[in-house]
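First up is the structure itself, then whatever we jot down about it.
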Amino acid sequence: MFQHQTIHGEKLNAPLGKIVCVGRNYAEHAKELGNEVPKSPLLFIKPATAAVQLEKPFSIPSDMGSVHHEVEIALLISKTASSINEEDAWDYVSHVGVALDLTLREVQDKLKAKGQPWEMAKAFDGACPLSSWVPVSEIRDQKSIQIRLERNSEMKQDGYSDQMITSIPKLISYVSQFFTLQAGDVILTGTPAGVGPLNSGDVLKATLDARYEFSSKVL
């Protein structure tokens, strides 16, 4: 079972709940996959069983086609709320981290072609490696948070939160109009361009806010 913990080694009491994700929140990422930019946030959910610790080696499915990495800024919700005002949104976030929204790309393409939900491509066991959490107070600029991913020492994804189509406060507010958020829930905020396939043996390094590094390996 996944356990929330901080970069300082402190275990957090709130259990992991739902993981609310947003698709196509960076225009360049939508473009690279040939998708239209949505007029409103495109939401889907990963269950708690999808989460694994990012800093530990993790496995990927070997018999379901290509598995793509999508690095994202993750937000840890600190208290129960619904219908949150955009101006107050950061008050409901205690920590910021890094997530990989692993995607079975060929499976997703087939589901999209049929107009079916994406869960089989996005919510499988192990589909959400999550890092240890950085306290919000340690993030230098909440309006422009950098997220970066290197695979085998080659930079693959590099983006900033101020490039998002829907900003973090607006996204938190929007999500809370549909789903009550509870302490321990996580929101993934979308991935910048540069997604691509993972292979066994790949070494990954994700960087948050240009200071916090999280390393892992694909088994």
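Worth pointing out:
- Table column - 3J(HN,Hα) (Hz), the range 207-219, Karplus curve with 6.51, -1.76, 1.60, x for Gly and Pro: 10, 10, 6, 6, 9, 9, 10, 10, 10, 7, 9, 8, 6
- Taken as Cα centroids, the range 23-73 and the range 109-173 sit 7 Å apart, rounded to the nearest whole angstrom.
- Taking the Cα centre of the chain as origin and assigning +1 to Lys and Arg Cβ atoms and -1 to Asp and Glu Cβ atoms, the resulting dipole is close to 360 debye.
- For the range 6-96, the dipole from Cβ point charges (+1 on Lys and Arg, -1 on Asp and Glu) about the Cα centre works out to 300 debye, to the nearest 20.
- Cα pair distances exceeding 20 angstrom across the range 1-120, given as percent: 52
- Karplus-based coupling profile of the range 196-206, in residue order and whole Hz: x, x, 9, 9, 4, x, 4, 9, 10, 9, 9, with θ = phi - 60° in 6.51 cos²θ - 1.76 cosθ + 1.60 and x standing for Gly or Pro.
- Rolling a 1.4 angstrom probe over the range 97-151 with all protein chains present gives an accessible area of which 49% lies on carbon and sulfur atoms.
- Peptides 82-91, 111-120 ordered by packing proxy, namely the average of other Cβ atoms within 10 Å per residue, highest first: 82-91, 111-120.
- Which of 106, 70 is most accessible, then next, and so on - probe 1.4 Å: 106, 70
- Listed residues 170, 156, 39 arranged by accessible area, highest first, probe 1.4 Å: 39, 170, 156
- Probe 1.4 Å, all protein chains present, accessible-area order of 76, 12, largest first: 12, 76
- Candidate values [x] 1, 7, 16, 21, 22, 18, 10, 4, 1, 0; [y] 1, 6, 11, 16, 18, 16, 12, 9, 5, 3, 1, 0; [z] 1, 6, 11, 13, 13, 13, 11, 9, 7, 5, 4, 3, 2, 1, 0, 0, label of the one derived for P(r) over Cα pairs in 5 Å bins from 0, in percent: [x]
- A 1.4 Å probe run over the protein chains yields, for the range 1-139, 47 Å² of accessible area per residue, whole-number rounding.
- The range 84-219: Lys pairs at Cα distance under 22 angstrom, eight or more positions apart or on different chains: 10
- Residue by residue, the range 69-82 carries 3J(HN,Hα) couplings of 8, 9, 7, 9, 6, 10, 10, 9, 6, 9, 7, 6, 6, 9 Hz when phi is fed to the Karplus relation 6.51 cos²θ - 1.76 cosθ + 1.60 (θ = phi - 60°); x denotes Gly or Pro.
- Cα pair count fraction exceeding 18 Å, expressed as % - the range 92-219: 60
The values are calculated or read from the model by the stated rules, or taken from the named source; none is laboratory data. Keep in mind that what you see is a predicted model, and the values were worked out from it rather than measured. Glycine also receives a Cβ, built like all others from the backbone with ideal geometry; neighbour counts cover every protein chain displayed. In case anyone asks, the SASA skips ligands and DNA or RNA and just uses the protein heavy atoms, side chains included. Shrake-Rupley method; radii C 1.70, N 1.55, O 1.52, S 1.80 Å.
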